[in-house]
1. Could you go through segment 107-129 and let me know if any residue there is among the hydroxyl-bearing types (Ser, Thr, Tyr) and closer than 19 Å to Gly68 by Cβ.
2. If the requirement is being among the aromatic types (Phe, Trp, Tyr), touching a Lys or Arg at 6+ places or on another chain (Cβ under 9 Å), outside any loop (DSSP other than H, G, I, E, B) and closer than 19 Å to Pro57 by Cβ, which of these qualifies: Phe96, Phe101?
3. Condition (residue is crowded, with 22+ Cβ neighbours inside 10 Å, in a helix (DSSP H, G or I) and in contact (Cβ under 8 Å) with a residue 60 or more places away in the chain) applied to segment 127-149: is it met by at least one residue?
4. Report whether or not Arg107 is of a type in the set (Lys, Arg), surrounded by 13 or more Cβ atoms within 10 Å (Cβ to Cβ) and modelled with pLDDT of 95 or more.
5. Return the residue satisfying two criteria in turn: it lies in segment 18-35 and is of a type outside the set (S, T, N, Q) and over 22 Å from Phe177 (Cα atoms), and of such residues it is most open to solvent (accessible area, probe 1.4 Å).
6. With respect to Phe96, is the statement that it is open to solvent by less than 70 Å² (accessible area, probe 1.4 Å), within 16 Å of the chain's Cα centre (by Cα), in contact (Cβ under 8 Å) with a residue 40 or more places away in the chain and within 29 Å of Glu23 (Cα to Cα) true?
7. For segment 106-126, name all the residues that are in contact with a helix residue (DSSP H, G or I) (Cβ under 9 Å, 6 or more places away or on another chain) and part of a helix (DSSP H, G or I).
8. Could you check how many residues of segment 150-184 are among the acidic types (Asp, Glu), in a helix (DSSP H, G or I) and open to solvent by 80 Å² or more (accessible area, probe 1.4 Å)?
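The values are calculated or read from the model by the stated rules, or taken from the named source; none is laboratory data. Just so it is clear, the structure is predicted and the values come from calculations on it, not from any experiment. Here the Cβ positions follow ideal geometry from the backbone for every residue, glycine too, while neighbour counts run over all protein chains shown. Side chains included, ligands, DNA and RNA excluded: accessible areas come from the protein's heavy atoms. Shrake-Rupley method; radii C 1.70, N 1.55, O 1.52, S 1.80 Å.
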Amino acid sequence: GTVSGHTLDNRASIAALTVCLEELQSKSHLWDVWAVASSQEEVGGYGASTTAFQVRPTIAIALDVTFGKGTGSSGYQTFELGKGVTLGIGPSIHPFLYKRFKEVAERVEIPVHDDLMPEYSATDADDMQLQAEGIPTLVMSIPLRYMHTPVELVAMKDIQRAGRLLAEFTASLEADFIEKIIWD
């Protein structure tokens, strides 16, 4: 149920995004969806910045990886492979999007865990949220072991769950969702 290889931190996200787009083909949804694979996230988020400025999305979801539990990394900031995806909590995360994702995950029985990001997320969300007039943003992550090595490891189940949760969230959006976004 796992896959190992290099650059899975990016490939797992693209695979989950592909699952999402495939699911959306058979789901009714009111919102347009832009799927972006950006470049240079590790060195400054330049791809996410320029794309978010150009596209000006109403909301943005950064799909990335987080640290998976394993030998030498078992602290509270790590997550079990195969046990679900994480949702970021911190200054780059819009609380209303976080709340909606939690509600959708509970409704469709996809396990999610809180990933604390107290200063910044170290993902494309940090750059996307600051573009133009500001973009409500959320980070969803897939647990991954041995990050930035040639033997990264992820659970296929988590990739599937991430894609499905993205699709279910998108299908849950009402036409006036953006007017409902509030800080509480």
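1. Within segment 107-129, one or more residues are among the hydroxyl-bearing types (Ser, Thr, Tyr) and closer than 19 Å to Gly68 by Cβ.
2. On the way: Phe101 fails: touching a Lys or Arg at 6+ places or on another chain (Cβ under 9 Å).
Unique residue meeting the criteria: Phe96.
3. So far as segment 127-149 goes, yes, one or more of its residues are crowded, with 22+ Cβ neighbours inside 10 Å, in a helix (DSSP H, G or I) and in contact (Cβ under 8 Å) with a residue 60 or more places away in the chain.
4. Details: of a type in the set (Lys, Arg): yes; surrounded by 13 or more Cβ atoms within 10 Å (Cβ to Cβ): no; modelled with pLDDT of 95 or more: yes.
Answer is no for this residue.
5. Restricting attention to segment 18-35, the residues satisfying the condition of being of a type outside the set (S, T, N, Q) are 19-24, 27, 29-35.
Still in the list and also over 22 Å from Phe177 (Cα atoms): 19, 22.
Details: Val19: 19, Glu22: 114 Å².
Going through the qualifying residues, I end up with Glu22.
6. Details: open to solvent by less than 70 Å² (accessible area, probe 1.4 Å): yes; within 16 Å of the chain's Cα centre (by Cα): yes; in contact (Cβ under 8 Å) with a residue 40 or more places away in the chain: yes; within 29 Å of Glu23 (Cα to Cα): yes.
Yes, satisfied.
7. Arg107, Ala125, Asp126
8. The qualifying residues number 1.
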